[in-house]
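Okay, structure first, notes after.
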Amino acid sequence: MSFRSAPLTVPAPAEVKESLLDAEIRAAIDSQVAKYPAEWKQSAVMAALTLVQDWNGGWLSPDLMDAVATYLDMPPVAVYEVATFYNMYDLEPTAKHKVCVCNSISCLLNGSEELIAHVEKKYGLKPGQTSADGRFTFKEVECLGACRHAPAVLLGQTYHEGLTPEALDKLIEGLG
Amino acid sequence: MVDRQNTVCFRTLHLDQPWTLAAYRSVGGYAQWEKILRERPDPNDIINELKLSNLRGRGGAGFPTGLKWSFMPRSAPGQKYIVCNSDEGEPGTCKDRDILRYNPHQLVEGMAIAGYCIGATVGYNYIRGEFYEPMARFETAVREAYEAGLIGRDIAGTGIDFDLYVHAGAGAYICGEETALLESIEGKKGQPRYKPPFPAQVGLYGRPTTINNTESLASVPVILEKGGQWFLEQGLPNNGGPKLFSVTGHVEKPDNFEIPLGTPFKDLLALAGGVKGGRVLKAVIPGGSSTPVVPGEVMMGVTMDYDAIAKAGSMLGSGAVIVLAEGTDMVKVLANLAHFYAAESCGQCTPCREGTGWLSRVLHRLLHGQGRTEDLELLDSVAGHIGGRTICALGDAAAMPVQSFLKHYRHEFQHYIEHGRSLVEAA
């Protein structure tokens, strides 16, 4: 396999870009683009998708991915490839809150199964599903790198560690 | 009896708000970088000091850091890069997160020194996306360093440039593989590249690049301050320095411990409070989930260094010590590990993409009482056909646990096949 290291640039006119997303998001993407060489705007695609996903309430629609592609001068398929590859992007509607329970080895040895079974039973959810009241989406995730205070849960941008089912319940009850 | 040393990566840990510039300054932080700015030493002298220290890559491969830096065509024209791998995700490993949270400035200093030595004026730290708090700490440290005139363009009028940026991941274990990480910074799927060419020749954006683990880079300022010889003497020949060990699983006090390489495992286990609930030690996965499992009685006679663990049939890896107590269902543990690799295989190489899923499915049916007589042979065969047949090491990482669990605990798997349930009581 030959090695290719060239960006897949598909330039879009500036006036088209000015109508995309919103001004604040565009400015935030611009500050990400500035980290990389001028011809490598696509290096900002991961950060741009994260920004747009958060702005959209937790998930990415095809239209939003297309907007990111146009804004970064990328072919849409290159953006879809990235959005489908990385686990933190959600391509179906989710609740505002995501309860991500780690299921990897150190957490398994310290009770993550009980946490997962508890959420499944109490809220009737399988991983990937959103609670009936629409408050949170339940996800099982691979190692969060918080193994020393297992079991760990990522809720929004915060790690909660050493959780019991009761403690997890309290967190879920406290969600707005 | 060994105690935690906290002399290198954790040297600020005892301070109030150890992540601030003031705290880092108070332990001599940035003195090495300022000395370099002042004296402009020959980068080869620094690289030789690192070689003397025997610092080996802390991400898992254990490749000597000084030697890696010496591969860079430092004087070649054009842009070169230093990249830090903070994509910590090997199950059991949680050390780099604490370096980012509690001593981020030492990593900034280490990256600046690396940039000077390899001729890179730009650095990227690739931090996994879930690490919001560690990323914020590191970004604050970078901002403080810019404001203090420690990094940037024409630093303190020396003509030396060093710009440092964070690239956030978005949930993919494979991006901890160095060439997948480079692909990811380039805005693509994180699929590993063939080597050669190696990153020192063709790396980020096709330019010469060195990629080091967080702990490796954060160790550099202290090695320069105290000398390569000092660092080497903290550990063993060929195994320089203290290292961070993440001890997790069935122990009373799981934690990260900075202790000398060569420390007896039994002392490390005692530091972590011993096996949980006073149970007997059954087995240890000594270097992160992809390293072969070692029976407890063997492990109790092993020292924690690259060579001794290799002799015991496993690897020191990232220093993630996963402790399994008596009563642990090894079939369940292996099924969990196999699930992880199946979920995280990037899908590029057929043996790994198909093989990891196959292993996971066979172990799943075994665990659920539907094992078949031929399954053990099948697991051996599938694992044997992944290892060594893929572009990157994830294939081997998926195969090694299977082979080692079957070697040491075959009877437990056999019992599941014959009786449809576990040989041991649930842990």
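The values are calculated or read from the model by the stated rules, or taken from the named source; none is laboratory data. Predicted model only: the values in this text are computed from it and were never measured. Neighbour counts are summed over all protein chains in view; Cβ atoms, including those assigned to glycine, are modelled from backbone coordinates with ideal geometry.
For the reader, a short list of remarks on this structure follows.
- Scanning the stretch A:60-67 for any residue that is within 12 Å of chain B (Cβ to nearest Cβ) and in a loop (DSSP other than H, G, I, E, B) turns up at least one such residue.
- Single residue of the stretch A:93-128 satisfying the filter (crowded, with 16+ Cβ neighbours inside 10 Å and farther than 28 Å from B:V331 by Cβ) that is nearest to the other protein chains (Cβ to nearest Cβ): A:K98
- Scanning the stretch B:221-247 for residues that are more than 12 Å from B:I259 (Cα to Cα) and among the basic types (K, R) yields a single hit, B:K226.
- Qualifying positions in the stretch A:73-92 - more than 8 Å from every other protein chain (Cβ to nearest Cβ), among the β-branched types (V, I, T) and touching a helix residue (DSSP H, G or I) at 6+ places or on another chain (Cβ under 6 Å): A:V79
- Helices (runs of 4 or more DSSP H) contained entirely in the stretch B:316-427, each with at least 1 residues that are crowded, with 21+ Cβ neighbours inside 10 Å, within 14 Å of chain A (Cβ to nearest Cβ) and in contact with a strand residue (DSSP E or B) (Cβ under 9 Å, 6 or more places away or on another chain): B:330-344, B:394-419
- Criterion: of a type outside the set (D, E, K, R) and within 30 Å of B:I391 (Cα to Cα) - qualifying residue of A:A44, A:A23, A:A28: A:A44
- Scanning the stretch B:295-315 for residues that are of a type in the set (V, I, T) and either buried (at least 22 other Cβ atoms within 10 Å of the Cβ) or part of a loop (DSSP other than H, G, I, E, B) (or both) turns up B:V302, B:I309.
- Within the stretch B:162-193, the residues that satisfy the criterion of being at the interface with chain A (Cβ under 7 Å from one of its Cβ atoms), of a type in the set (D, E, K, R) and touching a residue at least 40 places away in the same chain (Cβ under 8 Å) are B:K189, B:R193.
- Condition met for B:F63 (under 29 Å from B:S290 (Cα atoms), aromatic (F, W, Y) and touching a strand residue (DSSP E or B) at 6+ places or on another chain (Cβ under 7 Å)): yes
- Enumeration of residues in the stretch B:97-156 that are surrounded by fewer than 23 Cβ atoms within 10 Å (Cβ to Cβ) and polar (S, T, N, Q): B:T121, B:T140
- Test: residue in the stretch B:90-97 that is modelled with pLDDT of 95 or more and at positive phi: yes
- Here B:D87 does not fit the description of being in contact (Cβ under 8 Å) with a residue 60 or more places away in the chain and out of contact with any helix residue (DSSP H, G or I) (no Cβ under 6 Å at 6 or more places or on another chain).
- Residue within the stretch B:113-120 that is at the interface with chain A (Cβ under 10 Å from one of its Cβ atoms) and under 19 Å from B:R143 (Cα atoms) present: no
- Taking residues in the stretch A:4-29 that are assigned to a helix (DSSP H, G or I), and partners anywhere that are surrounded by 10 or more Cβ atoms within 10 Å (Cβ to Cβ), the pairs with Cβ atoms closer than 6 Å and at least 6 places apart or on different chains are A:K17/A:Y71; A:I25/A:L51; A:I25/A:W55; A:A28/A:L51; A:I29/A:A48.
- Residue in the stretch B:46-57 that is of a type outside the set (F, W, Y), surrounded by fewer than 21 Cβ atoms within 10 Å (Cβ to Cβ) and over 24 Å from the mean Cα position of the chain (by Cα) present: no
- Lone qualifier among B:V247, B:V280, B:V275 - being surrounded by fewer than 19 Cβ atoms within 10 Å (Cβ to Cβ) and either away from chain A (no Cβ under 13 Å) or in contact with a helix residue (DSSP H, G or I) (Cβ under 8 Å, 6 or more places away or on another chain) (or both): B:V280
- In the stretch A:132-159, the residue that is nearest to B:T248 (Cα to Cα) out of those that are surrounded by fewer than 19 Cβ atoms within 10 Å (Cβ to Cβ) and away from chain B (no Cβ under 12 Å) is A:R135.
- Hey, B:K80 over 30 Å from A:N103 (Cβ atoms), within 13 Å of another protein chain (Cβ to nearest Cβ) and modelled with pLDDT of 95 or more or not: yes
- Looking across the stretch A:30-52 at every residue that is assigned to a helix (DSSP H, G or I) and not aliphatic (A, V, I, L, M), the one that is nearest to the chain's Cα centre (by Cα) is identified as A:T50.
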